[in-house]
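Undergrad: Provided herewith is a single structure, encoded as structure tokens, for subsequent inquiry.
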Amino acid sequence: MELPGGLLVDGRLRRDYRFKPVTGELERVLAESGLYTETLPEQVTRILTASLQQVAGQPVDVDRVRALSAGDRQFLILQLEALIDTGPRWITAHCGGCAEPIQFQIEPGNLPIKAAGQGYPQTSITLSIGEMDLRAPNGGDEEFTSIQDADQGTLLHGLLARLLSELGRPVDPQSLSGEDMEVIDQTLDEMSPQAALTASIECPHCRLSQEVAIDPYACIIQETGTLDEEIHTLAFHYHWSERDILQLPRGRRARYLQLIDRSLGKYRADDLIQDQQGGLW
Ligand SMILES: [Zn+2]
């Protein structure tokens, strides 16, 4: 698989990427990323910096992850979700017609993706104030807009000041007309890569066909509980350190947990302890 957008390296667009092996350490970064960051875009940067081995043939650091387009970042988080949790994701929504809950499945790693269009990641456009360069929004722009405490209009101007330039010099967004804004909007739409973040479903209760939004970042908001329990079980039985356990690939961790289950005749240590306590109470 390739990035739907990619990064310019020495004038050439490169779309290759590689994740590090999925270990407990990586799952912990994902589960706890919110503890150290203020906003979702900062969280995404943190997770991708920790999980990517390489992108566009380059080593990965915070700045390179910020340089990835917004669509590439969504795509990568969905791919990471598919690597960590190979099963489908269940989504519950409420029908727009009868308000009954509807459940359906998606495969995060196989959502349709619109690849970047002509001109990506930076193209020239003709506006009322002349010929300008317009760049597709990236992670740095997402972080910028997420940390500003400002109204929508000020935010938009701040964003446009980052995306628009004339021969490398910034442009004053105040000088743009309504038509200019339409041209910018349409150009960004065509140029930017984008994951399909809606699903077409039919309500099983009232048969209404509707579009339901898919959150590309749903896997980021997870509990650390399961991972903590697994670490506890492995540490308890094998006397391994937490650090060693977190370095195990997910598959091997699952295998050791199975072996423990088997050696206990399907009983988990916790169950045994609970049973014993049950006798005393
Ligand atoms: Zn319905």
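The values are calculated or read from the model by the stated rules, or taken from the named source; none is laboratory data. Here the structure is a predicted model, which is why all the values come from computation and not from measurement. A quick note on method: Cβ atoms are made from the backbone with ideal geometry, for glycine too, and the neighbour counts reach across all protein chains shown. Ligands, DNA and RNA are stripped out before the accessible areas are found, and what is left, the full protein with its side chains, is counted by its heavy atoms. Shrake-Rupley method; radii C 1.70, N 1.55, O 1.52, S 1.80 Å.
Undergrad: From Cα pairs below 8 angstrom and at least 6 apart in sequence, can you work out the relative contact order of the chain, rounded to a whole percent?
TA: Result for the chain is 21 percent.
Undergrad: In degrees between 0 and 90, to the nearest 10, how far off the longest principal axis of the chain does helix 70-84 point, with axes built from Cα atoms?
TA: So the helix axis and the longest Cα principal axis differ by about 10 degrees.
Undergrad: What accessible area per residue comes out for the range 73-149, rounded to a whole number of Å², with a 1.4 Å probe?
TA: Per residue, the range 73-149 has 49 Å² of solvent-accessible surface.
Undergrad: Suppose each label sits 7 Å from its Cα in the direction of the beta carbon; what would the Gln58-His157 distance come out to in nanometres?
TA: Placing both labels 7 Å beyond Cα along the Cβ direction yields 3.2 nm.
Undergrad: Classify the range 122-192 as rounded, prolate or oblate from the Cα gyration tensor: take a ≥ b ≥ c as the square roots of its eigenvalues, call it rounded if a/c is under 1.5, otherwise prolate when a/b beats b/c and oblate if not.
TA: Verdict is prolate for the range 122-192.
Undergrad: Modelling each spin label as a point 7 Å along the Cα-to-Cβ direction, I'd like the Asp189/Lys114 distance in nm, to one decimal.
TA: Between Asp189 and Lys114, the label points sit 0.8 nm apart.
Undergrad: I've got another one for you. Counting only other residues whose beta carbon sits under 9 Å from that of Pro216, what net charge do I get with K and R as +1, D and E as -1?
TA: Summing Lys/Arg as +1 and Asp/Glu as -1 gives -1.
Undergrad: Hey, with R₀ at 25 Å, roughly what FRET efficiency would Ala235 and Leu35 work out to, going by the Cβ-Cβ distance, to 0.05?
TA: After rounding to 0.05, the efficiency reads 0.70.
Undergrad: Using 15 Å as the cut-off for backbone N distance, which residues of the range 67-106 belong to the label zone defined by a point 7 Å from the Cα of Ala50 along Cα→Cβ?
TA: Within reach of a label on Ala50, which here means backbone N under 15 Å from a point 7 Å along Cα→Cβ, the range 67-106 contributes 77, 80-81, 84.
Undergrad: When only Cα pairs under 8 Å and 6 or more residues apart are kept, what is the percent relative contact order across the range 129-239?
TA: The value is 19 percent.
Undergrad: Here is a follow-up. Apply the Karplus curve 6.51 cos²θ - 1.76 cosθ + 1.60, θ = phi - 60°, to the phi angles in the range 94-106 and return the couplings in whole Hz, x for Gly and Pro.
TA: 10, 4, x, x, 9, 6, 5, x, 10, 10, 8, 10, 10
Undergrad: Here's a follow-up. Between the range 55-102 and the range 165-209, what is the separation of their alpha carbon centroids in Å?
TA: 19 Å
Undergrad: So how tilted is helix 152-163 from the main axis of the chain? Cα-based, degrees 0 to 90, rounded to 10.
TA: It is inclined by approximately 80 degrees.
Undergrad: So for each of 33-45, 64-76 I average, over its residues, the number of other beta carbons within 10 Å; can you give me the resulting order with the highest mean first?
TA: 64-76, 33-45
Undergrad: If you don't mind, another one. Would you please give the FRET efficiency between Ala213 and Gln122, computed as 1/(1 + (r/R0)^6) with r the Cβ-Cβ distance and R0 = 30 Å, to the nearest 0.05?
TA: The value I calculate is 0.55.
Undergrad: Say the dipole of the range 53-205 comes from +1 at the beta carbon of Lys and Arg and -1 at that of Asp and Glu; which of Pro108, Thr92, Gly140 then lies farthest toward its positive end?
TA: Pro108
Undergrad: Give the long-range amide H neighbours of Val9: residues separated by 5 or more places, or on another chain, with amide H under 5 Å away, using H modelled in the peptide plane at 1.01 Å from N.
TA: Excluding prolines and chain starts, which carry no amide H, the hits are Arg14.
Undergrad: So for the range 122-192, averaging the separation of alpha carbon pairs under 8 Å that are six or more residues apart and normalising by length, what relative contact order in percent results?
TA: About 35 percent, as a whole number.
Undergrad: Just checking the chain: which Cys have no other cysteine's beta-carbon under 4.7 Å?
TA: Cys219
Undergrad: Please give me the summed charge of the neighbours of Gln79: other residues whose Cβ is under 14 Å from its Cβ, Lys and Arg +1, Asp and Glu -1.
TA: -1
Undergrad: Further, regarding this structure: Give me the percent of the accessible area of the range 174-233 that comes from carbon and sulfur atoms, probe 1.4 Å, all protein chains in place.
TA: Of the solvent-accessible surface of the range 174-233, carbon and sulfur hold 47 percent.
Undergrad: What distance in nm separates the simple spin-label points at Thr226 and Ile129, each placed 7 Å from Cα in the Cβ direction?
TA: Using points 7 Å along Cα→Cβ, the separation is 5.0 nm.
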